[in-house]
1. Using a Gaussian network model on the chain with a 10 Å cutoff between Cα atoms, which of Asn73, Asn108, Asn83 fluctuates the most?
2. How big is the dipole moment of the stretch 38-111 about its Cα centre under a simple scheme where the beta carbon of each Lys and Arg is +1, that of each Asp and Glu is -1, and everything else is neutral? Debye, nearest 20, please.
3. What is the list of residues in the stretch 49-75 whose amide nitrogen lies under 15 Å from a point 7 angstrom out from the Cα of Asp111, following Cα to Cβ?
4. Among the lysines, select those whose C-alpha is under 21 Å from the C-alpha of Lys86, and discard any that sit fewer than 8 residues away in the same chain.
5. For the stretch 19-107, which trypsin sites (Lys or Arg not before Pro) are in a loop by DSSP, counting at most 13 other Cβ atoms within 10 Å?
6. Convert each backbone phi in the stretch 41-51 into a coupling constant with the Karplus relation 6.51 cos²θ - 1.76 cosθ + 1.60 (shift: θ = phi - 60°), then list the ³J(HN,Hα) values in order as whole Hz, x for Gly and Pro.
7. In nm², what is the average projected area of the convex hull enclosing the Cα atoms of the stretch 1-80?
8. What distance in nm separates the simple spin-label points at Ser84 and Thr100, each placed 7 Å from Cα in the Cβ direction?
Amino acid sequence: VQLQASGGGFVQAGDSLRLSCAASGRTFRTYPMGWFRQAPGKEREFVAGISWGGATIYYADSVKGRFTISRDNGKNTAYLQMNSLKPEDTAVYYCAAADTYGLGTLANEYDYWGQGTEVTVSS
């Protein structure tokens, strides 16, 4: 599976962005998908994850109520809708796919990674 993340940009606090993660490969629909982010000088952290069918979704506490993860298996694409953005959301955002059945929240549970898309939120 190859992943291509896009949709990042420079926005003001309170604005919204939608990130997309386009996947190649016919088995996309079987992979749990996750979004992670890494701010300068910090470790990569889990943001949100969605099971292969969309029935199970996890969010980091820091984004609950503001971010929404979704997927369209027909388009081989996962999304992260980010609303009410804050300066502390500034990071490089990565999408990832797990070659497993269960949905995880740790980076080492994911097998395939996109190249990252940068999000900068100005106050």
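Only the coordinates and a few stated rules stand behind these numbers; no lab work does. These numbers were taken from a predicted model, which means no experiment stands behind them. Reconstructed Cβ throughout: ideal geometry from the backbone, glycine too, with neighbour counts over all protein chains shown.
1. In this elastic network of the chain, the residue with the biggest mean-square fluctuation among Asn73, Asn108, Asn83 is Asn108.
2. 260 debye
3. 52
4. Lys42, Lys64
5. Here the sparse-neighbourhood loop sites are Arg26, Lys42, Lys64.
6. Computed from phi, the couplings for the stretch 41-51 are x, 10, 7, 5, 10, 5, 10, 7, x, 9, 5 Hz.
7. Values: hull surface 23.3 nm².
The orientation-averaged projected area of the Cα hull of the stretch 1-80 comes to 5.8 nm².
8. It is 3.2 nm.
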